[in-house]
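Step one of this worksheet: look at the structure below.
The values are calculated or read from the model by the stated rules, or taken from the named source; none is laboratory data. This structure is a prediction, so every number in the text was calculated from the model and none was measured. Backbone-built Cβ (ideal geometry, glycine too); neighbour counts: all protein chains shown.
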Amino acid sequence: MFENLSERLSGVFDRLTKQGALSEDDVRTAMREVRVALLEADVSLPVARDFVKAVTAKATGAAVTKSVTPGQQVIKIVHDELINTLSGEGDPGELKIDNPPAPILMVGLQGSGKTTTTAKLAKRLTEREGKRVLMASLDVNRPAAMEQLAILGTQIGVQTLPIVKGETPVQIAKRAKQQATLGGFDVYMLDTAGRLSIDEQLMAEVEAVRDVANPRETLLVVDGLTGQDAVHTAENFDGQIGITGVVLTRMDGDGRGGAALSMRAITGKPIRFVGLGEKMDAIETFEPSRIADRILGMGDIVALVEKAQETMEIEAQERMMKRFQKGLFNMNDLKGQLEQMQKMGGMEGVMGMMPGMGKMAKQMDKAGMDDGILKRQVALINSMTKKERANPAVLQASRKKRIAAGAGLEVSELNKLLKMHRQMADMMKKMGKGGMMKKAMAAMM
Ligand code: GDP
């Protein structure tokens, strides 16, 4: 999967990494090529556009690291942005199959690979998680489809609900639930009927089944080879039925990959699994970072840049600690600390890690020092001149007014910040003398 896209991208980045310094133009040209590559892979236009925009913004603002080239850095940014595009906040992870018997509703168009995927997932749940699974086909119009599921069930050693002629899908769903409950099954999977295209009757039927089954998961199976059509299908099904995730099949083929890249951004629904062949084991969980690696195929460079960034952060920390040991602690240092705190989960998170500082963190918390304050404090420091940051002692009334106004805040907030800075500077001095700083550092690392 993704071969064409991979090839196109590696062409772009080969050229980029061969260059030393990158001009804005170089980046812009490369990004134009990335955009074309994405569109050719059938990624939807707004997704491709947002992707390139995000990468360009980050590439322009990225801190330059000595040990990697700008081109390598851009690759890492593209890699991270791919992961961003492929995943989303609150990704659900494993299938929700608590409270047995947990119903899983399988929906999708005919030929998408729904029945095959139902069996693949049943096999997976049985073998990997030791679950007892019951499968039922609800495709009353196509006896062959019911037979197909029964055959697959025998093949993988998973029970299927006996076929009873003349039942409606809703009746079958009810019977499946009953048998799953009586038989002590952990999961029962309902393989609904597919149609060649979305029609009202199909949707009404699936809706009725959904209402009686009350599924824990509703998985839409779509053919990854159909690109943006797969995304439209998902939008439709989600709008009418409500889905909890997507399974993209035929990702073993030479599909262009657009469906995978657009799905999350356009539908807001996560891809949960990818189908990679006709065999019953040919299914994988969808891991954005692994997919990003596959698309970009530049794992070495990504690892190199990660390492360099880590080293850079450690070096900066060490430089700062040396300053603190000497009792130096100006507004730039404070800003660095505040930003670090934001990254590490706020005041209490960071200070709680330093011996003797837990109490201070609690006091700060009581004084209303939440993360909103962290942001405002950084804004105040940003509003200071270089000289003022290096030596806050020069701040008299008129300067204070200017700084507070620049940050859109009151002078009283600035005074609080200055007081905190004095307290921290005092503490740094004391700790520096007593060798406490090393201990505090060790505790933080
Ligand atoms: P349904 O009509 O949606 O139930 O589709 P089926 O499960 O019957 O699948 C249709 C065809 O696609 C079958 O020949 C499957 O073997 C094949 N198929 C399903 N998933 C995949 C996949 O991930 N990769 C490949 N190459 N073929 C698949």
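Every residue in region 142-170 that is assigned to a loop (DSSP other than H, G, I, E, B) and either more than 12 Å from the ligand (Cβ to nearest atom) or not assigned by TED's automatic domain parsing to the domain that holds Ala282 (or both), please. Passing the criteria: Gly157, Val158, Leu161, Pro162, Ile163, Val164, Lys165, Gly166, Glu167, Thr168. Residues in region 126-138 that are buried (at least 22 other Cβ atoms within 10 Å of the Cβ) and of a type outside the set (Val, Ile, Thr): Leu134, Met135, Ala136, Ser137, Leu138. I'm trying to understand the selection: among the residues of region 379-392, which are surrounded by fewer than 19 Cβ atoms within 10 Å (Cβ to Cβ) and touching a residue at least 40 places away in the same chain (Cβ under 8 Å)? Correct list: Asn382, Arg389, Ala390, Asn391. Could you tell me whether any residue of region 97-113 is among the hydroxyl-bearing types (Ser, Thr, Tyr) and either in a helix (DSSP H, G or I) or in the same structural domain as Glu7 (by TED's automatic domain parsing) (or both)? No, every residue in region 97-113 fails to be among the hydroxyl-bearing types (Ser, Thr, Tyr) and either in a helix (DSSP H, G or I) or in the same structural domain as Glu7 (by TED's automatic domain parsing) (or both). Beta carbons closer than 6 Å, at least 6 apart along the sequence or on distinct chains, never pair a first residue in region 211-233 that is outside the structural domain of Glu278 (by TED's automatic domain parsing) and aromatic (Phe, Trp, Tyr) with a second that is within 16 Å of the ligand (Cβ to nearest atom) and at pLDDT 95 or above. Residues of region 82-121 that are away from the ligand (no atom under 16 Å from the Cβ) and among the charged types (D, E, K, R): Glu89, Asp91, Glu94, Lys96, Asp98. Residues in region 318-335 that are part of a helix (DSSP H, G or I) and touching a residue at least 60 places away in the same chain (Cβ under 8 Å) were compared, and the one that is nearest to Arg389 (Cα to Cα) is Met331. Whenever a residue of region 278-289 is not assigned by TED's automatic domain parsing to the domain that holds Ala119 and charged (D, E, K, R), it has no partner that is part of a loop (DSSP other than H, G, I, E, B) and within 11 Å of the ligand (Cβ to nearest atom) lying with C-beta atoms less than 9 angstrom away and at least six residues away or across chains. Of the candidates Leu5, Leu22, Leu38, Leu16, the single residue that is at pLDDT below 90 and closer than 19 Å to Ile291 by Cβ is Leu5. Pairs linking a residue in region 185-207 that is in a helix (DSSP H, G or I) to a residue that is of a type in the set (A, V, I, L, M), with Cβ atoms under 6 Å and 6 or more positions apart or on different chains, are Val206/Val107; Val206/Ile241. State which residue is nearest to the ligand (Cβ to nearest atom) when the search covers only region 122-141 and only residues that are among the small types (Gly, Ala, Ser) and not in a helix (DSSP H, G or I). The qualifying residue nearest to the ligand (Cβ to nearest atom) is Ser137.
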